[in-house]
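Undergrad: First, the structure itself, so that you have it in front of you.
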């Protein structure tokens, strides 16, 4: 072996070790108790903008956001002797309340005004104030006992778990009674996000959705960090699917829930689509009717860290859009984190960087006529350079997300959602999007 060969092998070995660390840096969530509030979406700035908070009950006019959460992270006690959740995996899922404050302290009227300023007169940030666990489901899987020669779940286990289910339902119903809509907006975060960072993202999205929905955070055991962190989080994503599937199924069985909208980011898109796919296939096998909650729901995959070949088999071939007819996929060729994942995993292409200018006939033919799926490409020339979190950090992308979920607008200028059409099912977000005059107040 020549010296040059050794150098090349050394370079490959170094890159193999560095790539997970680079991915960690690019996809990392802010492991802190404080974060700057996202920029005001373009939708709410300028002449003719819709009202951010319309017909909002006084009880929701607060500088705090009370998030309902479900997690299978292991609970921990921080240095201030407060409850938090780490990256460890828990066989039992817990639910509770996370209070996120909008800082600095100010009157509601001032927060309302500053929230929609393009150039804010006051710097706004989010701060985690408290986390309170309200209940915990039993471990999965539960113990098996033999009764009359037949194996079954322990009656004591089932009874205890049912008490937790009842507590969860009662708390959710209480929150629905306070909400302008009997609908839920649920967020599933991505790789290397800690509990706080995921909560901050949902708090600001709920805020800019006009606080119209019950905010539900589903947070899974991600955030170990380090060179092996990406691998750990991928396995945690597989671990959590069962708990998320149970949660979605439970939400479908609560009569007070009109519908629930699901937003997943990065690796969270794999977690959510896996859970949704399993529920869908079980329902089809039993010839069960699709729950009404699914029919009106929106499923959003933001910056999906998914191999395109996997997507073609697990989403497109399975025709997952048939159940909701409202799946929106946000992509950006500027997303360097997804680009690195593409190289690291030797993908032909990854869904999160699929640009409309690189659509092959194979891709087009596989998704062109699939009901209910829209691909939205964020152009590099929008207001901010796209990062991996552009769905809430870019004012143009966040505007389209709000038009999709809060206003239930289908793509197209004629529907008040003026995306640039590319071909059937494919659209682009252009600079300055949207034209607010197309949105009814």
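Undergrad: Can you sort 76, 278 so the residue with the fewest Cβ neighbours within 10 Å comes first?
TA: Least crowded to most crowded, the residues run 76, 278.
Undergrad: For labels at residue 150 and residue 178 in the simple 7 Å Cα→Cβ model, what's the distance in nm?
TA: Between residue 150 and residue 178, the label points sit 4.4 nm apart.
Undergrad: Counting only DSSP beta bridges with both residues in the stretch 144-294, what percent are antiparallel, rounded to the nearest 5? Walk me through the numbers before you get to the answer.
TA: Details: 4 of 15 bridges.
Rounded to the nearest five, the antiparallel share is 25 percent.
Undergrad: I want to check the label-to-label distance for residue 250 and residue 284. Put each point 7 Å from Cα in the C-beta direction and report it in nm to one decimal.
TA: 2.7 nm
Undergrad: Sticking with this structure for a sec: How high is the relative contact order of the stretch 42-93, in percent, with contacts defined as C-alpha pairs under 8 Å that are six or more residues apart?
TA: 24 percent
Undergrad: Under 1.5 on a/c is rounded, so check that first for the stretch 130-274, then, if it is not, pick prolate when a/b is larger than b/c and oblate when it is not; a ≥ b ≥ c are the square roots of the alpha carbon gyration tensor eigenvalues. Mind showing how you got there, number by number?
TA: On the way: a/c = 2.21, a/b = 1.19, b/c = 1.85.
Note, shape of the stretch 130-274 comes out oblate.
Undergrad: Turning to a different aspect of this structure: How would 206, 108, 220 line up from fewest to most surrounding beta-carbon atoms within 10 angstrom?
TA: Ascending Cβ contact count within 10 Å gives the list 108, 206, 220.
Undergrad: Something else: Would you work out the relative contact order for the stretch 141-249, in percent, from Cα pairs under 8 angstrom that are 6 or more residues apart?
TA: Value for the stretch 141-249: 21 percent.
Undergrad: Sort the stretch 162-240 into rounded, prolate or oblate with this rule: let a ≥ b ≥ c be the square roots of the eigenvalues of the Cα gyration tensor; rounded if a/c is under 1.5, and if a/c is not under 1.5, prolate when a/b is larger than b/c, oblate otherwise.
TA: oblate
Undergrad: Something else: For the stretch 114-178 and the stretch 62-98, write down the distance between their C-alpha centroids in whole Å.
TA: 10 Å
Undergrad: Arrange the following residues from fewest to most other Cβ atoms within 10 Å of their Cβ: 103, 34.
TA: 34, 103
Undergrad: Using alpha-carbon positions, what is the distance between the centroids of the stretch 223-277 and the stretch 384-427, in Å?
TA: 23 Å
Undergrad: Work out how much length residue 83 to residue 413 would gain on full extension: take 0.36 nm times their residue separation and subtract the Cα-Cα distance, in nm to one decimal. Before the final figure, lay out each step's value.
TA: Numbers: separation 330, 0.36 × 330 = 118.80 nm, distance 4.71 nm.
Once the chain is fully extended between residue 83 and residue 413, it gains 114.1 nm.
Throughout, read-outs are computed from the coordinates displayed, never taken from laboratory work. Predicted model only: the values in this text are computed from it and were never measured. Backbone-built Cβ (ideal geometry, glycine too); neighbour counts: all protein chains shown.
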